[in-house]
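The next block holds one structure in the form of structure tokens; read it before the comments.
Every number in this text was worked out from the coordinates using simple rules, so none of it is lab data. Only a predicted model underlies this, so the values are computations on that prediction, with no experimental measurement involved. Virtual Cβ from ideal backbone geometry, glycine too; neighbours counted across all protein chains shown.
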Amino acid sequence: MKRAIDFGLPLLAIAGIVVGEIMGLWIAPAERHMGDVYRIIYVHVPAAWVALLSFLIAAAASFTFLFKTSWAADALAEAAGELGVLFGTVAYILGAIWGKGTWGVWWTPDPKLTAMAILVFGFAGYIALRNLTEEPERRAAWSAVVAIILAAGIPIVWFAVRWWGGLHQNQSTRDSMNVFMGATLGINVLAFTLLFVWFLRMRYRVAKAKIDEELSEPPEQELA
Amino acid sequence: MTSSFAERRPASLVAGVRAVINKDLLLEWRSRARVNATIFFAFLTLLLFLFAVGPDTHIMAQSAAGYLWLAVLLSSVLSLGESFRMEAENAALEGLRLLPVDPKAMFLGKAIANTLFLFLLAVILVPVTVAMCGVEVQGSLMHGVAILFLGAAAISAPGTLYAAIASQVRARDVLLPLLLFPVLIPAIIGAVKATKLLFAGDPMGDLGRWTALLIFFNATYWLLCLLLFGRVVEE
Amino acid sequence: MVVQLNNVSKRYGRRWALVQLTFAIPEKSSVLLTGGNGAGKTTLLRMLATSLKSTRGEVRIFDKLSGVDNDLIRPRLALVTHDSHLYDDLSAEENLSLVGHFLPWVDMRRMGDILERVGLAPRRASAVRGFSAGMRRRLCMGRMLLVEPELVLLDEPFGQLDPPGVALVEEIIREVQQKQVTLVMSTHDVERGEALCDHHLHLKSGRVLRAVEPLGEPGEATRIAQELEARGGWH
């Protein structure tokens, strides 16, 4: 079963992305208002979704660690925190390009963009803290505290930026998207999620192996 | 033995908090040369922002609130770091833990002392900002004091927690702002917006909403950091 | 048993500082802790003080689990180590007063006598920053006397002291022993330590080579420590 997942997951994810992007970049029609620029959402939206999912997993795993001292949760938080920064950065850069193409600006004080920026930078600090702390107990507890504090801030960020004003962007342009576009986006989101699960499993194994090694019994030696 | 060990009850939370505040304020008073230097650093930061935007008084007046809070924020990294440097020196924090001092008292005491210092700093900076940027203040004094206090408290709660972590890590000087600034973004937005409305007038009646945001931020983070601080100092 | 360790290991980064320690320390005994530099003596003492958590294994102090019931353990012990736990900008008196602010049961009227006792009365109001290492050590011993612990942990109590200081610390140790406390002390001055202790614990490279065993004839600890160090292995 485990072997089947190890082989099947990457194949399925990559196949899904190939199909999804071919549909998105060539088959799907151009959007009425934005033209071809909109096609970036077939990568941007899945990447942003996966980043958000990843940060949520990191926060939930951190919470679990603090209450149960589960080292598996610590390893999962490490893996998810890193992948969140990776996918978040991708989503962020693509979002900026999209924004330039549609609104003529690279960045606007949009709640989603700002919240994502805070999470990406916040979790960059999280990774730095983990790398700078050697003792496993301290590393796990401190980074869990950092992840929980970041997650707790999201609702506040949301309201702060909503009220902040600036270019108020509509919740996507649902009326101008046809069924085929929706299906294409759905396939891409699914494929990216599979890709993420594959990455997460791999990264988790590395993190868990490192923790297990750190917490293993010290070597027993006899007197020479 | 003058007292049996079963009778050894720790000090109440309020007494503990008061003792930590007194200790921190006394230490700040003793190292006032350093405190003064931090205040001058804040002034200098403010001045640098003004040089960076050029001599256009209109722009300066418009962005005055932003400069004020950035100067406070940048100086806070120094004062927060200092408040745990003196605990790290001679491992005094370990001494407090082993006495034992309740981590909740430690957090509240240090965060309140940090809030008082940052509030004082903001209060000193306001007249200078107003004068240099040519702002004609519209808001009331009471509102102004409340916003400055809420802003200082908002920086101090996560600031105290993160300074405690950073003081025990190798790259403490870079780690503290890296951890702290992202979390503070909504608080800085709120404080800057509210201050701006006090400076330039509030025709739309938006001040209440930004004050509420700051209060909510403070409530969330003071509670959360209070609960988490024990895990930070005990590991 | 005041102290019980069950298969306790402690890891720092990639290095194991303590490896599978299992021993117990009976009530009211005085344990001499010997071992070369880097043998893990300080790590062990800080672990007995509940300041450090073990990476593996269970530490029980006063039959309570370290890391779980720290609040019940800590009021009953005192640790004197290289890190003085003092605030450099506070005076000798202010540093001792802190104890009273956090621990209501401590009789602070004794502070004057204690400062007299450790020879710091003339310098009671001077900032600790100007104190020599020996004076700091005297002040730490004074603070230990003030809290009247049941378990006393001393890390190199004779280090950095002048001959009168050494005599003073010896006298203080004998005095607290009269009060039926349990004592664990590490020292390189094995002969002097042996005269004060009735049990011996030897560490080498983080391993126990001699678990807490009663000392017999004078000079026994010195001889055994030398023998154990001369044997090969574990470098």
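Taking a straight Cα-Cα cut-off under 14 Å and skipping sequence neighbours fewer than 8 places away in the same chain, the aspartates and glutamates within cross-link reach of residue C:204 are A:220, A:222, C:227, C:229. Dividing the radius of gyration of the alpha carbons in chain B by their Kirkwood radius gives 1.03 for Rg/Rh.
Model label sites at residue A:96 and residue A:213, defined 7 Å from Cα along the beta-carbon direction, differ in position by 3.6 nm. Taking 0.36 nm per residue of separation and subtracting the Cα-Cα distance, full extension of the segment from residue B:85 to residue B:40 would add 14.2 nm. For chain B, a Gaussian network of Cα nodes joined below 10 Å ranks B:107, B:181, B:216 by mean-square fluctuation, and the top entry is B:216.
Sorting B:28-34, C:4-10 by average packing, meaning the other beta carbons within 10 Å per residue, from highest down gives C:4-10, B:28-34. Computed from the alpha carbon atoms alone, the convex hull of the protein assembly as shown holds 180 Å³ per residue.
Taken residue by residue and averaged, Cβ atoms of other chains lying within 10 Å of the Cβ of B:202-212 number 1.
What residue among C:184, C:59, C:68 shows peak mean-square fluctuation when chain C is described by a Gaussian network model with Cα springs under 10 Å? Comparing C:184, C:59, C:68 in the GNM, the peak value goes to C:68.
Label the stretch A:91-134 by shape, choosing from rounded, prolate and oblate, from the square roots a ≥ b ≥ c of the eigenvalues of the Cα gyration tensor; if a/c is under 1.5 it is rounded, and otherwise prolate applies when a/b is larger than b/c, oblate when it is not. The shape class here is prolate.
Sorting the segments C:158-166, B:152-160, A:181-189 by their mean number of nearby beta carbons within 10 angstrom, highest to lowest, gives B:152-160, A:181-189, C:158-166. Model label sites at residue B:57 and residue C:211, defined 7 Å from Cα along the beta-carbon direction, differ in position by 8.4 nm.
Across peptide B:86-92, the average count of Cβ atoms from other chains found within 10 Å of a residue's Cβ is 6. Secondary structure note: in the protein assembly as shown, about 55% of the DSSP beta bridges are antiparallel. Three principal axis extents of the stretch C:160-201 based on alpha-carbon atoms, in descending order, are 27, 22, 14 Å.
The slack in the chain from residue C:227 to residue C:192, taken as 0.36 nm per residue of separation less the alpha-carbon distance, amounts to 10.8 nm. Per residue of C:50-57, other chain Cβ atoms within 10 Å of the residue Cβ number 4 on average. For chain A, the C-alpha radius of gyration divided by 2.2 N^0.38 Å, with N the number of residues, is 1.18.
In terms of overall dimensions, the stretch B:1-91 has a Cα radius of gyration and Dmax of 20.8, 73 angstrom. Going from the residue with the fewest nearby Cβ atoms within 10 Å to the one with the most, A:164, A:103 rank A:103, A:164. From least to most packed, judged by other beta carbons within 10 angstrom and beginning with the fewest, B:12, B:76 follow the order B:12, B:76. For residue A:62, neighbours were defined as the other residues whose beta-carbon sits under 13 Å from its Cβ, and their charges (Lys and Arg +1, Asp and Glu -1) total +2. Computed from Cα positions, the angle between helix C:163-178 and the longest principal axis of chain C comes to roughly 80 degrees.
Taking 7 Å steps out from each Cα toward its Cβ at residue A:127 and residue A:89 produces label points 0.5 nm apart. What FRET efficiency would be calculated for the residue pair residue C:37, residue C:68, taking the C-beta separation as r and a Förster radius of 45 Å, to the nearest 0.05? Step by step, r from the Cβ atoms, then E = 0.90.
Using alpha carbons only, how many degrees (0 to 90, rounded to 10) separate the axis of helix B:13-30 from the longest principal axis of chain B? That helix lies at roughly 60 degrees to the long axis. What angle do you read, to the nearest 10 degrees and between 0 and 90, between the alpha-carbon axis of helix B:141-166 and the longest principal axis of chain B? With rounding to tens, the tilt is 50 degrees.
Within the shell defined by Cβ-Cβ distances under 15 Å, the residues around residue A:141 carry a net charge of -1, with Lys and Arg each +1 and Asp and Glu each -1. Sorting the segments A:118-131, C:167-180 by their mean number of nearby beta carbons within 10 angstrom, highest to lowest, gives A:118-131, C:167-180.
Binning all Cα-Cα separations of chain C at 10 Å, short to long from zero, yields these whole-percent fractions: 8, 32, 36, 20, 4, 0. A Förster distance of 45 Å, applied to the separation of the beta-carbon atoms of residue C:24 and residue C:108, puts the FRET efficiency at 0.80.
Fully extending the segment from residue A:134 to residue A:178 would add 10.6 nm, taking 0.36 nm per residue of separation and subtracting the current Cα-Cα distance.
Listed from fewest to most Cβ neighbours within 10 Å, the set B:223, C:44 follows the order B:223, C:44.
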